[in-house]
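None of the figures in this text is laboratory data; all of them are computed from the coordinates on show. Just so we're clear, the structure is a prediction, and the values are computed from it rather than from any experiment. All Cβ positions, even for glycine, are placed from backbone atoms using ideal geometry, and neighbour counts span all protein chains on display.
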Amino acid sequence: MKKKQTILSVSLSNGRLKALSIVKNTIGQSWERPGRLVSLDTLQDALEEAIHQTQFPGTHLAMLVDHPRLATRTIQIPPMLITDLLPFLERKVQQEKPWEGPAAWRYRIGLEARGKLHVHLDIWPQDYIDTIVHICQELGLSLRQLAPLSSLSESQLSTLPVEPGKGSILITMLEGKIIIVAGKDDGTPIWTRQLFPAQDWVPLGERVGTEVNRTIMFITQQTNLKFPCIWFWDDEERLTAGEIQPHVNTPLVPFPIKPDWNYWLWVGAMLPVNLPSNFTPTQVLQAPLRNTLTKAFLAMLGAFILIGVGTTGVIEGYLARHQTAMQTMTDQVTAIQQDQAQWESRLMLLDTKRQWAQSVSETTTPELEGPFLSYLGSIIPTQVILGKAFVERTQDGWNVELDGSTSTNLAATLFVVDQFVQQLADGPYHVSLHEDWRHQLLSQTATSTNERPLYRFTLKGTMS
C-alpha cells in the first residue's frame, strides 16, 4: 500500500504565492499571500507565513514555479546514441540560455517520427535552484518537487479517456499562460506549447484556435495519431470554448472536472519525484533516506556493542574451562584457513581468465554508418555533388572519406567546402578532416563540363 503523504504544495507564478496543506492525503487549509509580490529575496518569509497560515505539521515541500528567467525550448535533432545526445544537449543549453552563469536543465524526448527526435528542454539558472534549496534548509523543509508550472497540465493527459490508437490534446490556462499539451493514448506527452495572451490585436480565441490547428496538423503529418476531440479547461474570466470553436474543426470537450487552484496544488503534490522536469538536486532527494539509514545504523551499532560485551564474557568463561580442546581446534582451523586461502587464490585466477575471455568474445561496437550517412544527407550543401561516401571502422575509431565535385568557380568552391567541413566538425559526430583538400582545389585546373567549371575534391579524416 502506498504511504499517505503529508506535504505542503506551493505554486509561485508572476510573484503570487499560493499554498495548500495536505496531511496524510487529506486536503487541509489553503492560503494565498495577499499584498506585495513574492521574489526570491522574500520567499523565505512567505514560506514561513504559509506554514503558519495553513498550520502545516510536516516537512515535505512541493513547489511549482513559473518565472521569466525559466526557459523552455523544443529542438529537432537526428537520432543518436545517448552518449552523443547528452553532450549535444549540453552545448545546446549553453547556446539557448538567456543569462550569464551556470544553468541546470532537464530534457524529455517527445515526438519521434521520420528519423527525427523532438526534444523538450527546460533550462533554469543554477543560482535560482540553489537559493530555493538553501531557503528550504533554513526552514527545515525537505524539498521533494521543484518543477515548472506546465508539469501540471502535462500530468493531466493520463487522466483523460482516450481510445487506443488515438491522441489527446488538452488546453489549460494557468496564471495567465495558455498551455497546449498533446499526448499518446497512454497519456505520455509528446508536444507542449505555451502561449502568452499578449497580442491584443488578435482575439485570444482565434490565436489559440490557430495554434491548436497547427499542432494537430504537424502531429498528424508526422504520425498516424488522430484527435477525435480537444479537451478544454474553461476559464470563463479569460477564455471560453465558444471563442475557440469557430476557429477549429475538431470539437471542444469540457475538462471532466471543474478545477480550481486547490485542485492544481493537489496535483502538484502528487507528482512523482522521478518526474523528468523535477529540478530538485539528487542529493536533496536522497537526504531523508540517508538520515533514516544513519539513525538505523547507529541503533544497530549500539545493540551490537551491548550484545558483544555480554557474549565476550560468556566466551571467556568457556575458553577457561576447555583450553586444551580449544588449542586443538585452533590448530585445525588454522590449517583449514590456509587451504581455503590457496583455493581462493586459484579461484580468483580462474575467474579473471573467465572474465577476460568473456569480454573478448562479447565486446561489440554499435553500428554508426547508417545514422551518419542520414545526418550527412541533411547537411550537404546544394552546390556539392557527392560521388562517394566511405566510412570504415578501425581499432582507434572511424575513418571517413568523401569524394565530391562542384560546378561553381574556385572561390565559391573553397567557401562552400570550407563551410561543409566546419559543419562536420561542429556536428554531433565530430568529424575531424585533414587540410589537404584546400591544396587539392588550389592546385587543379577547372575541368569544363557543358561550359561550366568542375572542381573535384576528396575529404579524408576521422570521426570521434
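Observations
- Å³ per residue enclosed by the Cα convex hull of the range 1-40: 67 Å³
- Placed amide H near Gly28: partners under 5 Å, 5+ positions off or other chain: Ser21, Ile22, Val23
- Order by protection proxy (mean Cβ within 10 Å, highest first), peptides 44-56, 340-352, 78-90, 146-158: 146-158, 44-56, 78-90, 340-352
- Taking every DSSP bridge with both residues inside the chain, close to 80 percent are antiparallel.
- Principal axis dimensions, the range 112-251 - Cα atoms, whole angstrom, descending: 53, 39, 27
- Sequence of Trp99, Trp356 once ranked by neighbouring C-beta atoms within 10 Å, starting from the fewest: Trp356, Trp99
- Gyration tensor verdict on the chain (Cα atoms; rounded if a/c is under 1.5, prolate if a/b is larger than b/c, oblate otherwise): oblate
- Pairs with C-alpha atoms separated by more than 31 Å, drawn from the list Lys24/Lys258; Lys4/Lys166; Lys177/Lys226, are Lys4/Lys166.
- Full-stretch length increase - Asp403, Thr240 - with 0.36 nm per residue and alpha-carbon distance subtracted: 52.7 nm
- Taking 0.36 nm per residue of separation and subtracting the Cα-Cα distance, full extension of the segment from Leu139 to Phe88 would add 14.6 nm.
- Max-minus-min Cα coordinates of the range 390-464 on each principal axis give 45, 20, 19 Å, with the largest extent listed first.
- Extension gain for Asp130-Thr334 works out to 67.7 nm (0.36 nm per residue, less the C-alpha to C-alpha distance).
- Helix-derived mean residue ellipticity, 222 nm - over the chain, DSSP H n ≥ 4, -39500 (n - 2.57), to 500: -14000 deg cm²/dmol
- Taking Lys and Arg as +1 and Asp and Glu as -1, the other residues whose beta-carbon sits under 12 Å from that of Asp45 total -2.
- Each eigenvalue of the Cα gyration tensor of the range 17-80, multiplied by 5 and square-rooted, gives one semi-axis; in descending order these are 31, 18, 9 Å.
- Charged neighbours of Ala62, selected by a Cβ distance under 13 Å, balance to +2 (K, R count +1; D, E count -1).
- Here the Karplus curve 6.51 cos²θ - 1.76 cosθ + 1.60, taken at θ = phi - 60°, turns the phi angles of the range 327-336 into couplings of 5, 4, 5, 5, 4, 5, 5, 4, 5, 5 Hz, with x standing for Gly and Pro.
- Using a Förster distance of 22 Å, the FRET efficiency for His430-Lys460 (Cβ separation, nearest 0.05): 0.90
- Charged-residue dipole, Cβ positions (Lys, Arg, Asp, Glu), the chain about Cα centre, Debye nearest 20: 660 debye
- Hits among aspartates and glutamates - C-alpha to C-alpha of Lys92 under 13 Å, sequence gap 8 or more where chains match: Asp84, Asp122, Asp426
- Distance between the range 77-149 and the range 165-217 - C-alpha centres, whole angstrom: 22 Å
- Distance (nanometres) between label positions extended 7 Å along Cα→Cβ at Glu369 and Asp45: 6.9 nm
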